[in-house]
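Chemist: If you scroll down you'll find the structure; I have some questions about it.
The values are calculated or read from the model by the stated rules, or taken from the named source; none is laboratory data. Just so it is clear, the model here is predicted, and its values are computed rather than measured. Note that we place each Cβ from the backbone using ideal geometry, even for glycine, and neighbour counts take in every protein chain shown. All accessible areas refer to the heavy atoms of the entire protein, side chains included, with ligands and DNA or RNA removed. Shrake-Rupley method; radii C 1.70, N 1.55, O 1.52, S 1.80 Å.
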Protein chains: 2
Amino acid sequence: MEWEDLARDLSTETSSKIVLLVMDGVGGLPAPGKSELEAARKPNLDALAAKAVCGVSDPVMMGITPGSGPSHLALFGYDPLKYQLGRGILEALGSGVEVGRNDLVARGNFATVKGGLVVDRRAGRIPTEENARICARLNEHLPQRDGVEVRVFPGKEHRFVARFTAEGLSDALADADPQKEGKPPLPAAPLGPEAGKAAEIVNRFLGDVAAVLQAEPKANAALLRGFSKFPSIPTMQELFKVRPAAIANYPMYKGLAKLLGMEVIGVGGETADLFDALEKSWADHDFFYVHYKRTDSTGEDGKFEAKVAAIEALDPFLPRLAALKPDVLVVTSDHSTPSCLKGHSWHPNPFLLVADTAGVDDVAVFTERACAKGMLGRFRSISAMPLMLAHALKLQKYGA
Amino acid sequence: MEWEDLARDLSTETSSKIVLLVMDGVGGLPAPGKSELEAARKPNLDALAAKAVCGVSDPVMMGITPGSGPSHLALFGYDPLKYQLGRGILEALGSGVEVGRNDLVARGNFATVKGGLVVDRRAGRIPTEENARICARLNEHLPQRDGVEVRVFPGKEHRFVARFTAEGLSDALADADPQKEGKPPLPAAPLGPEAGKAAEIVNRFLGDVAAVLQAEPKANAALLRGFSKFPSIPTMQELFKVRPAAIANYPMYKGLAKLLGMEVIGVGGETADLFDALEKSWADHDFFYVHYKRTDSTGEDGKFEAKVAAIEALDPFLPRLAALKPDVLVVTSDHSTPSCLKGHSWHPNPFLLVADTAGVDDVAVFTERACAKGMLGRFRSISAMPLMLAHALKLQKYGA
């Protein structure tokens, strides 16, 4: 019996509502003296902490720095050591490509082939605008056969994502990339009998690309790597019987949320957009994931003051959130992004939870050091979902 | 290597004594302002906390509300996600039916059969006294065959527990219950070849019941569901090399303790009875589980003041406990039962441990919020047993 089995058995549909506000990468370090959260003026966040129970959470385990994929999976109640997302899927999500359960995706390069040999694996790093033109041309002229839908999505320079949509496509395919120049292009080889159909479709695509692009001076062939399928992962509906919504601006988070069965409510880049969307969709869902990106991007850039400003910019919106009277409100982060480290880190996330059934502890400010003294103690982020569901009275008793 | 293996390898017999006092369901919630423990006047409990190390424990995992079975298993050092107790066993334990390692038990209904069909699955909900009379008659007149002992135990109205005692009985049996009226009674079908003997014995019993009860106007047949064996679970002696005793009043806790190999010392419903029994049996055991029920039943009833009174009623007895000078004394709960929720909850248990080897932390009152700041931090209840054994110097070093 594991958490997922418990969740399936014990979760129950109710009308109670949960809001999970993720201030991406908000945890930081004193550098020196005060951390970003300690330096920020944020009266509304602190007021929430004062009526909450607080704690700190480790995304994967102590000492492990997670990417955005594993750290978000954990927050949504999925074991980040059990579910791993393939490179192709992450590339697709990061590029804003929608990926569904019948999709096979791969990272692509445009390349130059001459005399049957790959002479440039990156097609001379064609400009990004060239790439967009070529992808548009392919999407217009690639023959669609046998009900298989194929689309390409431009990335930077010579990079793109290829997406094949059909029933029963396996991702057990070796890379269709000779890796070295001076060799002939390599077809996608099936790694097992179940991948025969996928190999055939991919290789026909590679031929079609060469045919459509034969007059191009540089980008006249495609190489494909990291074939990945939509991971076999239960939806939040299946596991938790919630009707979840994701309110986010960046493709990666929207894509991940969609993978887990959330309805994605895309918004613009203004902070107000998040709260407008939340208010508008309030009646339609009972679990809301709201993603605030700027605390992470400023941390990644190593800009302490900008990260402080990002915290202060969010703070005035919190009363709008509280006014909706969610039954459970959690404010936390997926992982820490101390600006002095200019990247994700292994430090635990400050965490606050407000609910009628939660009581209150002595923590009165939302900072790393204060939350570490909170009543929730230190826990793994995968416990956030059972906690939220419990406080929303969405979990029944285990055993008699 | 898991905890159970470590326990077997490292535990050692000593003369030191452990007392585990379970104030069932004592953890609560501020409703509002103060929790039950915060509102109660309990100088002796607080004095213990002041010389203890404290913490809070999650019975199963954060967010999970446990029944009494899983939450007690955890306190006794058994993984509550590994060992699950069947419904038949719990029904038997809850009814005060003793269950041993060769027993197969099932939940029964008396039913009315006419013309070969079940016409009433509940025999018109016969009065409980009727049920007692019928069970007595069956126990007197049922033929005992081939060294198989069969007994029935009356429950409320038409419900009873059937117990079959013989070597090698499997519980892989489908319910002997057509579920619907208007159908013929259903014999118990074996779900695997190992259950052939059990099916034969159960079906012979069903025939015998019909024969003995043929003149009864309503209860003239039996239906059986939820066949369960004594779970295959190592005893506390095997795992921990202790000589354990359970001092309890309610059948469920006595039954569970017996399952784990404890000597059960049944007591009356007065609080003093617990301490009388403890003093009397002090020389004979080295692990004492003392179960105080009233904090849970008042919580279940939603009676805040009565739960406060239950805490205050226990407090004056604690000096008698300390006077015995146990080497390790733990006071905690199996799960929380906040009176505002009128039932078990997922909130962690306050926990205090007094031992010469434990030191003392800053916690000076026994409440949820105070214990959450204790030196033991937040841990899963399954760690209570290793902690108690360690402080009693009953665990040797792991590795060289």
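Chemist: With the structure loaded, tell me whether residue B:82 is farther than 25 Å from residue B:251 by Cα, open to solvent by 10 Å² or more (accessible area, probe 1.4 Å) and within 14 Å of another protein chain (Cβ to nearest Cβ) or whether it fails that test.
Modeler: On the way: farther than 25 Å from residue B:251 by Cα: no; open to solvent by 10 Å² or more (accessible area, probe 1.4 Å): yes; within 14 Å of another protein chain (Cβ to nearest Cβ): yes.
Taking the combined requirement at face value, the residue does not satisfy it.
Chemist: Kindly indicate whether any position in region B:199-210 is outside any helix (DSSP H, G or I) and either surrounded by fewer than 23 Cβ atoms within 10 Å (Cβ to Cβ) or in contact with a helix residue (DSSP H, G or I) (Cβ under 7 Å, 6 or more places away or on another chain) (or both). Outline the logic, then answer.
Modeler: Within region B:199-210, the first condition is being outside any helix (DSSP H, G or I), and the residues that meet it are none.
No.
Chemist: Hey, does region B:40-59 have a residue that's farther than 20 Å from residue A:384 by Cα, within 12 Å of chain A (Cβ to nearest Cβ), part of a loop (DSSP other than H, G, I, E, B) and basic (Lys, Arg)?
Modeler: no
Chemist: Against the conditions (1) farther than 30 Å from residue A:211 by Cα; (2) crowded, with 19+ Cβ neighbours inside 10 Å; (3) of a type in the set (Gly, Ala, Ser), where does residue A:67 fall short? Just the number, please.
Modeler: The one condition residue A:67 does not meet is (2).
Chemist: Just give me the residues in region A:95-154 being hydroxyl-bearing (Ser, Thr, Tyr) and either open to solvent by less than 20 Å² (accessible area, probe 1.4 Å) or part of a strand (DSSP E or B) (or both), in sequence order.
Modeler: If the condition is that a residue be hydroxyl-bearing (Ser, Thr, Tyr) and either open to solvent by less than 20 Å² (accessible area, probe 1.4 Å) or part of a strand (DSSP E or B) (or both), then A:112 is the only one that fits.
Chemist: Residue B:91 is checked against (1) farther than 19 Å from residue B:349 by Cβ; (2) open to solvent by 20 Å² or more (accessible area, probe 1.4 Å); (3) part of a helix (DSSP H, G or I); (4) away from every other protein chain (no Cβ under 11 Å) and fails just one. What number does that condition carry?
Modeler: All conditions are met except number (4).
Chemist: So, one more: Report yes if some residue within region A:323-343 is closer than 13 Å to residue A:27 by Cβ and either open to solvent by 40 Å² or more (accessible area, probe 1.4 Å) or part of a helix (DSSP H, G or I) (or both); otherwise report no. Talk me through it step by step, then tell me what you get.
Modeler: Going residue by residue through region A:323-343, those that are closer than 13 Å to residue A:27 by Cβ are A:331-341, A:343.
Then drop every residue that is not either open to solvent by 40 Å² or more (accessible area, probe 1.4 Å) or part of a helix (DSSP H, G or I) (or both), which leaves A:340-341.
Checking region A:323-343: at least one residue is closer than 13 Å to residue A:27 by Cβ and either open to solvent by 40 Å² or more (accessible area, probe 1.4 Å) or part of a helix (DSSP H, G or I) (or both).
Chemist: Within region B:237-314, which helices (runs of 4 or more DSSP H) (wholly inside it) include 2 or more residues that are of a type in the set (Lys, Arg)?
Modeler: Fully inside region B:237-314 and qualifying: B:251-259.
Chemist: May I ask you to say which residue of A:239, A:191, A:260 is of a type in the set (A, V, I, L, M, F, W, C), free of Cβ contacts under 8 Å to residues at least 40 places away in the same chain and closer than 30 Å to residue A:79 by Cα?
Modeler: A:191
Chemist: Take the residues in region B:373-400 that are open to solvent by less than 20 Å² (accessible area, probe 1.4 Å) and part of a loop (DSSP other than H, G, I, E, B); name whichever of them is farthest from the other protein chains (Cβ to nearest Cβ). Please lay out each step first, then the result.
Modeler: Here is the first cut: in region B:373-400, the residues open to solvent by less than 20 Å² (accessible area, probe 1.4 Å) are B:374, B:381, B:384-385, B:388-389, B:392, B:394.
Now drop any that are not part of a loop (DSSP other than H, G, I, E, B), which leaves B:374, B:392, B:394.
Working: B:374: 10, B:392: 26, B:394: 27 Å.
Only one residue tops the list, namely B:394.
Chemist: Restricting region A:16-29 to residues that are farther than 11 Å from residue A:339 by Cβ and more than 21 Å from the chain's Cα centre (by Cα), which is least open to solvent (accessible area, probe 1.4 Å)?
Modeler: Out of the qualifying residues, it is A:16.
Chemist: Among B:13, B:4, which is open to solvent by 40 Å² or more (accessible area, probe 1.4 Å), modelled with pLDDT of 95 or more and either away from chain A (no Cβ under 14 Å) or not in a helix (DSSP H, G or I) (or both)?
Modeler: Going through B:13, B:4 in turn, just one is open to solvent by 40 Å² or more (accessible area, probe 1.4 Å), modelled with pLDDT of 95 or more and either away from chain A (no Cβ under 14 Å) or not in a helix (DSSP H, G or I) (or both): B:13.
Chemist: How many residues, within region A:312-340, are farther than 19 Å from residue A:57 by Cα and aliphatic (A, V, I, L, M)?
Modeler: Going through region A:312-340 one residue at a time, the tally reaches 7.
Chemist: Same structure again: When the residues of region A:211-237 are filtered to those that are of a type in the set (S, T, N, Q) and within 23 Å of the chain's Cα centre (by Cα), which remaining residue is surrounded by the most Cβ atoms within 10 Å (Cβ to Cβ)?
Modeler: Result: A:228.
Chemist: Just to verify a result, which residue in region A:360-369, among those that are open to solvent by 20 Å² or more (accessible area, probe 1.4 Å) and more than 21 Å from residue A:326 (Cα to Cα), is farthest from the other protein chains (Cβ to nearest Cβ)?
Modeler: The qualifying residue farthest from the other protein chains (Cβ to nearest Cβ) is A:368.
Chemist: Of the conditions (1) within 23 Å of residue B:59 (Cβ to Cβ); (2) surrounded by fewer than 20 Cβ atoms within 10 Å (Cβ to Cβ); (3) away from every other protein chain (no Cβ under 14 Å); (4) touching a residue at least 60 places away in the same chain (Cβ under 8 Å), residue B:300 clears all except one; give me its number.
Modeler: Here residue B:300 meets the rest and fails (3).
Chemist: Same structure again: Restricting attention to region A:345-359, does a residue exist that is within 13 Å of chain B (Cβ to nearest Cβ) and farther than 23 Å from residue A:15 by Cα? Can you show your working first?
Modeler: Narrowing region A:345-359 to residues within 13 Å of chain B (Cβ to nearest Cβ): A:351, A:353, A:355-359.
Okay, now just the ones that are also farther than 23 Å from residue A:15 by Cα, so A:351.
Looking for residues that are within 13 Å of chain B (Cβ to nearest Cβ) and farther than 23 Å from residue A:15 by Cα, one finds at least one in region A:345-359, hence yes.
Chemist: Then there is this: Being surrounded by fewer than 20 Cβ atoms within 10 Å (Cβ to Cβ) and either within 24 Å of the chain's Cα centre (by Cα) or not acidic (Asp, Glu) (or both) is the filter here; which residues of region A:305-314 pass it?
Modeler: If the condition is that a residue be surrounded by fewer than 20 Cβ atoms within 10 Å (Cβ to Cβ) and either within 24 Å of the chain's Cα centre (by Cα) or not acidic (Asp, Glu) (or both), then A:306, A:309, A:313 are the ones that fit.
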